[in-house]
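Structure record follows, encoded as structure tokens.
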Amino acid sequence: MFPPNAPTIDRTLFVRFVLLLLLLVPPLSSEAASKNYSLYIATGSVTITASPVTGNGAATIPSWGYTDVAGGPGKVPGPILTAREGDAVSVTVVNNDSRSHNFVVKRVTTDTSAIPAGGTKTYTFTAPAAGAYVYYDSLAGNVNREMGLYGIFIVEPADGSLSAWAGGPAYTSAVSWVVSEMDKPRWNDVASSGGTVNTSVYKPNYFLMNGMNGFQAMGDANTSIMGRVGDVALVRLVNAGQYSHSLHFHGNHYRLIDEDGVRLASFKELDIVNVPPLGTVMVLFELNQPGVYPMHIHTAQMETGNGVYLNGVAAMIAIEP
Amino acid sequence: MRATLKKRVLFLGLPAAAALAGLVFAGRAEAATINKTVCVRNVTKTLSGTNVNFWGFTEGCMGMGAGLVPGPVVEMGEGDTLNLTLNVMMAPEEAAPYNGHTIHLHGLDVPQAEDGVPETGASVSGDTYTFTAKPGWAGSYIYHCHVHTVKHLEMGMYASLIIRPKDANGNFLKQITSTAATAYDYVQNYLISTVDPGYHTATGDSTVFADYNPLYFLIEGKEGKSKTAPAVTLAAATGKKVALRLIGLHSVNARFTLRDSNGSAKSFTIHTRDGRSLPAPETVSSVSISPGQRYDILFTLPSTSGTWYPQVEFQDLWNGNTYTGGTVYGKITF
């Protein structure tokens, strides 16, 4: 085991040390468990905060969303659902809205039938391969999804290890990014007041990161990539919108490890990730130099919130030495 | 940022700095330092008969000559150091808080002090941006202004930055990367961009910037609406290898194809993407280019003479429809 000229060590002490480590680390369980979620569909609103640079851009967008709070307003995006690979997942969806809705997990569930107003439906499925998935309401020709009915479903490896999948690349911290858009005047204002959206025209004027405008997202600890040099962040990214989102990382290239559930045999090193509508990707970002760097969309109008600069799709990367 | 560099040298101490310089000199005798200064000037482009004002980078800093769109290409070798200075004297600009300009070295993984982002501390009054290209970085990049990028990129403040592999004597190799399989006989940049004239007159925070309606579609700053009036041309010899650098500065979707005179798609091989070699080269018959992306592709011309048309279709972000007038042609005769 040891090279002949290696310094001798006290093997008993070594074994004791290893045993102590084993006691300190909670055992990794690979037993499939049950994960039960209740989601309530309700109306709500998305608050857009003003640019602190110019004071422009505050707005309130009427929305619909899933929430884990019975009787609460809908959240945009909906709650993060997590499970471990192989878990028995049960999601009970209560439709507290006056319109029909549903709940679909892309690449996981197939039932697209409606839950009528006031109705309840329970979806059961086995947590699939570790990765990122998007859940959403598939009804009403994208209107329900555009209104905010979407979220991310995260599947971790069965053993609960900090790796993208069992035996896959390891990470030290993880963030999830749900990107989307809203066309306030033509879709949200119309649908929320009971009107019929002309779905042949879509000109979104708000571009959201985790349901937030850029300045909120850049100040959000759960959205930022934070850590020290040497750390590796796993980003689970889903696009719940109807536009492709072309996201650019400053500070370092990232490694593309999974696209729409397809794990790459060899990881590509890139600085732009372009996620199509309802696409999902996983990327690894190595924190390799100290500093503060933006991650932002590179598509002009999508960098704004109704034309207010930097209030579109963005996040921050903060790296300590 | 020169101040930062000086501090680092002082910190290391002169002996350490000298030793370090000696090591670098001994190990990579071919490494060069490239000093370049660019300014910003107005330039009017006539697009489909309409005059549109742009702000372009130019090396002509002594007077009020026109800017270039795209700006001057920066070409450097792996191992080389670039000092790219932005001089903002007499530069056209917006009113505060979006006044001034910077340079962002897009894709070059520079430290925060060289990143050119005003919101993380970059000066908007001119600066020198420095980095050394690491081995393995051969490929295509961009330098562009990072002040109010929505407005300033639309105004044309962008240019290609190309990193090339070098031989042991410090000469550029005619290859995309240090891998011999990427050798080419001809190379051209295909920097693609779009123009919404409304963005050229709007300023600051404006609802104009919430909606993008491009009217003009460019390769290397030129329209090329038909095969008879291509944006870019190349006269090549039969059987030779051609590399194209596809560089996305547009704000919609785009699809690149390479077609013969009958319109049949020809396959090509992607060797690098975003300035990095792909784990394995990918041979395809079309590629989507998203805003900010770069692809370095390679193909071999037929052994009999003819004409091929590299082309870019600019597509609506929502429905994927190609815009009216949104197909831009290049032309390769051989």
Residue-ordered couplings for segment A:61-73, obtained by feeding phi - 60° into the Karplus form 6.51 cos²θ - 1.76 cosθ + 1.60 and rounding to whole Hz (Gly and Pro as x), are 10, x, 8, 10, x, 8, 9, 9, 9, 4, x, x, x
Cα→Cβ-extended label distance, 7 Å offset, between A:Q289 and B:N87, nm: 2.7
Taking just the alpha-carbon atoms of segment A:173-320, what radius of gyration and Dmax come out, in angstrom? 16.0, 52
Rounded to a whole number, the mean other protein chain Cβ count within 10 angstrom for residues of B:119-126 is 2
Simple spin-label estimate for A:V229/A:T60, 7 Å along Cα→Cβ, in nm, reads 4.8
List the cysteines in chain B whose Cβ has no other cysteine Cβ under 4.7 Å from it. B:C145
Principal axis dimensions, largest first and in whole angstrom, of segment A:34-156 by Cα: 49, 32, 27
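B:A181 to B:K227: FRET efficiency via 1/(1 + (r/R0)^6), r the Cβ-Cβ distance, R0 30 Å, to the nearest 0.05?
Numbers: r = 31 Å, r/R0 = 1.03.
The calculated FRET efficiency here is 0.45.
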Once you have the Cα-Cα distance between A:S173 and A:A221, take 0.36 nm times their residue separation minus that, and quote the gain in nm to one decimal. 16.1 nm
Per Stokes-Einstein, at 4 °C and 1.567 mPa s, what whole-number D in µm² s⁻¹ belongs to the protein assembly as shown, with the Kirkwood radius over Cα pairs as the hydrodynamic radius? 49
Computed over chain A, the distribution of all Cα-Cα distances in 10 Å bins, rounded to whole %, is 6, 25, 31, 23, 9, 4, 2, 1, 0
Kirkwood Rh and Cα-based Rg: tell me the resulting Rg over Rh for segment B:286-331, rounded to two decimals. 1.05
If the cut-off is a Cα-Cα distance under 15 Å, which aspartates and glutamates reach B:K240, setting aside same-chain residues fewer than 8 apart in sequence? B:D185
Positive-end residue, the protein assembly as shown charge dipole about Cα centroid, Cβ charges, pick of A:V313, B:L246, B:F334: B:F334
Farthest towards the positive end of the dipole of the protein assembly as shown, among A:W64, B:S286, A:S266 and with Cβ unit charges of +1 on Lys and Arg and -1 on Asp and Glu, lies the Cα of B:S286
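Longer than 20 Å from Cα to Cα, which of B:K174/B:K225; B:K134/B:K166; A:K268/B:K166; B:K45/B:K225; B:K166/B:K222 are they? Say none if no pair is.
Values: B:K174/B:K225 31 Å; B:K134/B:K166 12 Å; A:K268/B:K166 24 Å; B:K45/B:K225 16 Å; B:K166/B:K222 31 Å.
Over 20 Å Cα-Cα: B:K174/B:K225; A:K268/B:K166; B:K166/B:K222.
Per residue of B:272-279, count partner chain C-beta atoms within 10 Å of its C-beta, then hand back the mean as an integer.
On the way: counts 1, 6, 11, 4, 6, 2, 4, 6.
Neighbouring Cβ atoms belonging to other protein chains average 5 per residue here.
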With charges only on Cβ, +1 for K and R and -1 for D and E, what is the dipole size of segment B:186-333 about its Cα centre, in debye, rounded to 20? 680
Label-reachable residues, segment B:84-113, where backbone N falls under 15 Å from a point 7 Å from B:M64's Cα toward its Cβ: B:89-93
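Once the convex hull of the alpha carbons of chain B is built, what does its volume come to per residue, in cubic angstrom? The partial results should precede the final answer.
Working: hull volume 49.4 nm³, N = 334.
Expressed per residue, the convex hull around the Cα atoms of chain B is 148 Å³.
How crowded by other chains is B:284-292, given as the mean number of beta carbons from other chains within 10 Å of each beta carbon? Numbers along the way, then the final one.
Numbers: counts 0, 0, 0, 0, 3, 3, 12, 13, 12.
That works out to 5 on average.
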How far is helix A:11-24 tilted off the main Cα axis of chain A, in degrees rounded to 10, range 0 to 90? 20
Measure off 7 Å from each Cα along the Cα-to-Cβ vector at A:D68 and B:T46, then give the distance between these two points in nanometres to one decimal. 6.4
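Each reported figure results from applying straightforward, stated rules to the coordinates on display, with no laboratory input. Please read these numbers as outputs of a predicted model, since none were measured by experiment. No Cβ is skipped: glycine too gets one built from the backbone with ideal geometry, and neighbour counts run over all protein chains shown.
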